[in-house]
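Student: Handing you a structure now.
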Amino acid sequence: MSGAASVTAGVFAGVLVDRFDRRTLLIACDLARFVLYAVIPLAWLAGPRIWLLYVVLPLAEAVGMVFQVTYVTAVRGLVGEERVTEANGKLYATAAAAGILGPMLAGVVAGWVGLTAAIAINAVSFAVSAIGISLIRLSKHAPAPAAEHDRPWRELVAGAVFLWRQPVLRVLTILLSVFIFMTLGLTDIVIYRLKHDLGQPDSVVGVVLGVGAVGTMLGALVVARVRRRLGFGPAWIGAHALAGLAIVGVGFAGSVWGVAAIMACYLACVSVAGICSMSLRQQVTPDHLLGRVTSAFWTIHFALGPVGAAALTWGAARFGSTPVFVFAGVSCLLLAVVALATPVRQRHPERPA
């Protein structure tokens, strides 16, 4: 339910982001999540009510999607086009660090003060975030043309239309949709390899995934330097080629630390490529379209992901994990080769022709 709510909200989030003040929208999203999560501990004072989670969590995920689209559109106005890759890298690294420390801290807090109190603390964190955002001054974004408001359907699909008409973004959207089809289920296959092929317990699986997250952080911290030195095309294509080789390598790694090291390399490459493509969209998209372009890209990009994840897990169960890793890795290498024959190969596609 939460996933469906997030995807549905993603379709309409761009329209909201392009119509309203983005700073106000960020604050409103945080306050809405504060209220939603605060409802749980207040209602649970009389005893746990599990049904409440089925109401609150999908709503919170939908609001969270609006927040994500909004913050992506706000970055360029906050730091400028020249530093947008550096800013995205720092935000991505922070998110990766939170992904490592957050669950650990949540477990400690829940064990210390109880689950209900931990949820209350989580709710308060959104209020603190709202206060922090209120102290930030964002530049006003250009309003959408009045003609778009007269035609709601046209306004809704404007982001997808822009993606299709912009040559580099069109090819990137297609290639990245294929990439997510081939890789969204890889974490499940890594877990399968560790537990089934290498006979490791859950604790070891957690360590390997944690090492992989460190790779994500490292990629995010170096992406700005890599793009400045190589240019967009070589950085994006090179990262995907290395990611493909890393995926193949996981299939033949015979030790836990081998899998962990290769996963860190793979996720570092994915981090570099992902931040480069997101930054390029922010740089070449008109400000009044940026929310809808971001929303349209995410909707298209992730559409095939669940299907690919199901196919990979079926393949691992049917043929073993190694053939699946080889197939996915070679597919990513071919994707990088295809990109060499497209406008994606340009070093500076963000510059006007």
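The values are calculated or read from the model by the stated rules, or taken from the named source; none is laboratory data. Just so we're clear, the structure is a prediction, and the values are computed from it rather than from any experiment. Using ideal geometry, Cβ is built from the backbone for each residue, glycine included, and neighbour counts are taken over all protein chains shown. Only protein heavy atoms, including side chains, enter the accessible area calculation; ligands, DNA and RNA are left aside. Shrake-Rupley method; radii C 1.70, N 1.55, O 1.52, S 1.80 Å.
Student: Among A341, A28, A74, whose mean-square fluctuation peaks in a Gaussian network model of the chain (Cα, cutoff 10 Å)?
Tutor: Comparing A341, A28, A74 in a Gaussian network model of the chain, the most mobile one is A341.
Student: Quick check for you: which residues of region 46-85 have the amide N under 13 Å from the point 7 Å beyond the Cα of L115 toward its beta carbon?
Tutor: Backbone N within reach: 47-54.
Student: Assuming R0 = 30 Å, can you tell me the calculated FRET efficiency for the pair A98 and L53, based on Cβ-Cβ distance, to the nearest 0.05?
Tutor: According to the calculation, E is roughly 0.85.
Student: Taking the chain as a Gaussian network, where each spring joins two C-alpha atoms under 10 Å apart, which residue of R170, R137, R33 fluctuates the most?
Tutor: R137
Student: Which distance in nm do the two modelled labels at L340 and A127 give, with both placed 7 Å along the Cα-to-Cβ direction?
Tutor: Reported label-point gap for L340 and A127 is 5.8 nm.
Student: Could you work out the relative contact order of the chain, using alpha carbon pairs under 8 angstrom and six or more residues apart, expressed as a whole percent? Could you put the intermediate results ahead of the total?
Tutor: Details: 514 pairs, mean separation 97.3, N = 353.
Normalised by residue count, the contact order of the chain is 28 percent.
Student: How big is the charge dipole of the chain about its Cα centre, in debye rounded to the nearest 20, if each Lys and Arg gets +1 on its Cβ and each Asp and Glu gets -1 on its Cβ? Could the numbers behind the result be given before it?
Tutor: Working: 26 positive and 15 negative charges, 140 e Å.
About 680 debye.
Student: Continuing with the same structure: Please list, in chain and number order, the residues 5+ apart from G320 or on another chain whose amide H is under 5 Å from its amide H, with Hs placed from the backbone.
Tutor: Counting only residues 5 or more places away or on other chains, the set is empty.
Student: Something else about it: Could you state the number of Å between the C-alpha centres of region 244-277 and region 20-98?
Tutor: Region 20-98 and region 244-277 have Cα centres separated by 29 Å.
Student: Same structure, new question: Please turn the phi angles of region 263-268 into ³J(HN,Hα) values with the Karplus equation 6.51 cos²θ - 1.76 cosθ + 1.60 (θ = phi - 60°), one per residue in order, whole Hz, x for glycine and proline.
Tutor: Result, rounded to whole Hz: 5, 5, 5, 4, 5, 5.
Student: Calculate for the chain the 222 nm mean residue ellipticity that helices alone would give, adding -39,500 (n - 2.57) per DSSP H run of length 4 or more and normalising by residue count, nearest 500 deg cm²/dmol.
Tutor: Details: 15 runs with 290 residues, N = 353.
Using -39500 (n - 2.57) per qualifying helix, the result is -28000 deg cm²/dmol.
Student: Calculate one ³J(HN,Hα) per residue across region 290-302 by plugging θ = phi - 60° into the Karplus curve 6.51 cos²θ - 1.76 cosθ + 1.60, and present them in order as whole Hz with x for glycine and proline.
Tutor: 4, x, 6, 5, 4, 5, 5, 4, 4, 5, 5, 4, 8
Student: Using 1/(1 + (r/R0)^6) with R0 = 56 angstrom and r between the beta carbons of R351 and L45, what's the FRET efficiency to the nearest 0.05?
Tutor: 0.45
Student: Between beta-carbons, use under 13 Å as the cut-off and find the net charge around G219, counting Lys and Arg +1, Asp and Glu -1. Don't skip to the end; give the middle numbers.
Tutor: Working: positive: K90, R225, R227; negative: none.
Taking every Cβ under 13 Å from that of G219, the sum is +3.
Student: Grab the Cα-Cα distance for R228 and V207, subtract it from 0.36 nm times how many residues apart they are, and report the gain in nm with one decimal.
Tutor: Numbers: separation 21, 0.36 × 21 = 7.56 nm, distance 3.29 nm.
Answer, rounded to one decimal: 4.3 nm.
Student: Also, quick follow-up: Got a number for the accessible area of M217? Probe 1.4 Å, square angstrom, nearest 10.
Tutor: Its accessible surface works out to 50 Å², give or take rounding.
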